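Participant: One structure is given below, represented as structure tokens, and several questions about it will come after.
The values are calculated or read from the model by the stated rules, or taken from the named source; none is laboratory data. Only a predicted model underlies this, so the values are computations on that prediction, with no experimental measurement involved. Cβ placement follows ideal geometry from the backbone for every residue including glycine, while neighbour counts extend to all protein chains displayed.
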Amino acid sequence: MTRGANGQVQDHDDQEYPFTERDFAMIAEIAHRRYGLYLQASKKPLVYSRLTKRLRALALPNFETYCQLLSEPQGQQEHAHLLSALTTNVTHFFREMHHFTALREKILPSLIEKARSGSPVRIWSSACSAGQEAFSIAAVIRKEARDFASLDIKILATDVDPQMIQKAREATYDHEQTDAIPAEYKTTMIEQNGDSFKIKPDIMKMVTFGELNLVDPWPMRRKFDIIFCRNAAIYFDKETQSRLWQRFSDSINISGHLMIGHSERLTGPAQAHFRNVGITTYQRLTDTAGGEITEKRMGI
């Protein structure tokens, strides 16, 4: 099995490892139970292509042995590698620019006034990958609020992949990624770091990074003014997506905003609690969660 010139996985009879329907079903079940990932039968060639690298790295003879490893206590650390192999962490700064335009022009002005009045402002980048989204949000805040350092504005950035969180905390990126950063932000956002570039300290201070699986219980108790969850729900089945949207609904302040990926749509009961105010941008309408909201863990 190889990839053609167009990047598509191509089937061949001379597979390096046997990969049975049982093997695929077991991997799909683990991926769904542990991370909420939905692997349709059509994804079998892709799963094979992505995971053969892990079999080679672990010097395993076949997928049956790999599945056994995933099911054993000593194989729990392999789950993170499984997740990295099955998901795509391709992103860039200011991805889907319409969200950052809406943030700057329509959403931030009132939130900055809220912060200047002494109230906290909290933003959650819930599938932050290597940190580009969270740092882009922080850069917009810095530009729009010159007094940002004295304001209680914090960004929580989480991802299920510990490797991505480590990269985000390092805040160092290859130079080609600067192409996606608008010129108006470059001088205040990044600085030279040898053969790469690094996010400036005052931008980094706004962001707290942590590992978080969106299908697990969440430790946060404070509600958010904005939640970004872009291009993560596409990996989930419809039932898991619907539950996620409802959990976000319960975690957003009234009049707060939810921003999702360009190919994603709100579904299920959460639809009744949002109104569309822009391209894949939604505003929270009514309160359903209730109860006391307190500040706990993860530095927010």
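Participant: Looking at (1) β-branched (Val, Ile, Thr); (2) crowded, with 17+ Cβ neighbours inside 10 Å; (3) not assigned by TED's automatic domain parsing to the domain that holds residue 175, which is the one condition that is false for residue 65?
Facilitator: The failed condition is (2).
Participant: Given the condition among the small types (Gly, Ala, Ser), over 25 Å from residue 280 (Cα atoms), over 19 Å from the mean Cα position of the chain (by Cα) and modelled with pLDDT under 95, answer yes or no: does some residue in segment 169-187 qualify?
Facilitator: First, the residues of segment 169-187 that are among the small types (Gly, Ala, Ser): 171, 180, 183.
Still in the running and over 25 Å from residue 280 (Cα atoms): 171, 183.
Next cut, over 19 Å from the mean Cα position of the chain (by Cα) only: 183.
Those still in the list that are modelled with pLDDT under 95 too: none.
The answer is no, given that none of the residues of segment 169-187 is among the small types (Gly, Ala, Ser), over 25 Å from residue 280 (Cα atoms), over 19 Å from the mean Cα position of the chain (by Cα) and modelled with pLDDT under 95.
Participant: Pick from segment 71-101 the residues that are at pLDDT 95 or above and surrounded by 17 or more Cβ atoms within 10 Å (Cβ to Cβ): which of them is farthest from residue 35 (Cα to Cα)?
Facilitator: At the first step, the residues of segment 71-101 found to be at pLDDT 95 or above are 93-101.
From the residues that got through so far, the ones that are surrounded by 17 or more Cβ atoms within 10 Å (Cβ to Cβ) too are 93-96, 99-100.
On the way: 93: 25, 94: 26, 95: 24, 96: 25, 99: 26, 100: 28 Å.
My answer is 100.
Participant: Filter segment 207-227 down to residues that are under 17 Å from residue 111 (Cα atoms) and acidic (Asp, Glu), then give me how many there are.
Facilitator: Count: 1.
Participant: Related question: Could you list all residues from segment 145-200 that are basic (Lys, Arg) and assigned to a helix (DSSP H, G or I)? Write out each step before concluding.
Facilitator: If we filter segment 145-200 for residues that are basic (Lys, Arg), which is where we start, we get 146, 154, 167, 169, 186, 198, 200.
Matches in segment 145-200: 167, 169, 186.
Participant: Residue by residue through segment 18-47, note down the ones that are in contact with an Asp or Glu (Cβ under 9 Å, 6 or more places away or on another chain) and more than 25 Å from residue 212 (Cα to Cα).
Facilitator: 18, 20, 22, 23, 41, 44, 45
Participant: Could you list, in sequence order, all residues of segment 66-90 that are acidic (Asp, Glu) and outside any helix (DSSP H, G or I)?
Facilitator: If we filter segment 66-90 for residues that are acidic (Asp, Glu), which is where we start, we get 72, 78.
Result: 72, single match.
Participant: Continuing with this model, one more query. What residue, among those in segment 31-44 that are farther than 19 Å from residue 243 by Cβ and buried (at least 17 other Cβ atoms within 10 Å of the Cβ), is modelled with the highest pLDDT?
Facilitator: So, considering only residues that are farther than 19 Å from residue 243 by Cβ and buried (at least 17 other Cβ atoms within 10 Å of the Cβ), the one modelled with the highest pLDDT is 44.
Participant: Looking at residue 63, is it of a type outside the set (Val, Ile, Thr), more than 20 Å from the chain's Cα centre (by Cα) and farther than 16 Å from residue 236 by Cα? Quick ask: steps written out before the conclusion?
Facilitator: Working: of a type outside the set (Val, Ile, Thr): yes; more than 20 Å from the chain's Cα centre (by Cα): yes; farther than 16 Å from residue 236 by Cα: yes.
So residue 63 passes the test.
Participant: Give segment 23-45 a look and list any residue that's in a helix (DSSP H, G or I), out of contact with any Phe, Trp or Tyr (no Cβ under 6 Å at 6 or more places or on another chain) and touching a residue at least 40 places away in the same chain (Cβ under 8 Å), or say none. If you could, list the steps in order and put the result at the bottom.
Facilitator: Applying the first criterion (in a helix (DSSP H, G or I)) to segment 23-45 yields 23-35, 41-45.
If we keep only those that are out of contact with any Phe, Trp or Tyr (no Cβ under 6 Å at 6 or more places or on another chain) as well, we get 24-35, 41-43, 45.
Within segment 23-45, 26, 27, 30, 31, 32, 34, 35, 45 qualify.
Participant: Considering only residues that are charged (D, E, K, R) and surrounded by fewer than 14 Cβ atoms within 10 Å (Cβ to Cβ), which ones fall in segment 212-236?
Facilitator: Taking segment 212-236 and keeping what is charged (D, E, K, R), we get 216, 221-223, 225, 230.
Answer for segment 212-236, where residues must be charged (D, E, K, R) and surrounded by fewer than 14 Cβ atoms within 10 Å (Cβ to Cβ): just 216.
Participant: Continuing with this model, one more query. How about segment 85-106: which of its residues are in contact (Cβ under 8 Å) with a residue 40 or more places away in the chain and under 30 Å from residue 50 (Cα atoms)? Outline the logic, then answer.
Facilitator: So in segment 85-106, the residues in contact (Cβ under 8 Å) with a residue 40 or more places away in the chain come out as 86-87, 89, 91-96, 98-100, 102-104, 106.
Listed by number, the residues that qualify are 86, 87, 89, 91, 92, 93, 94, 95, 96.
Okay, residues lined up against (1) touching a residue at least 12 places away in the same chain (Cβ under 8 Å); (2) part of a helix (DSSP H, G or I); (3) farther than 18 Å from residue 87 by Cα; (4) of a type in the set (A, V, I, L, M):
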residue	(1), (2), (3), (4)
226	yes, no, yes, yes
243	yes, yes, yes, no
269	yes, yes, yes, no
283	yes, no, yes, no
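Yes or no, residue by residue, for (1) within 26 Å of residue 185 (Cα to Cα); (2) outside the structural domain of residue 262 (by TED's automatic domain parsing); (3) in contact with an Asp or Glu (Cβ under 6 Å, 6 or more places away or on another chain):
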position: 80; (1), (2), (3): no, yes, no
position: 91; (1), (2), (3): yes, yes, no
position: 103; (1), (2), (3): yes, no, no
position: 106; (1), (2), (3): yes, no, no
position: 114; (1), (2), (3): yes, no, no
position: 120; (1), (2), (3): yes, no, yes
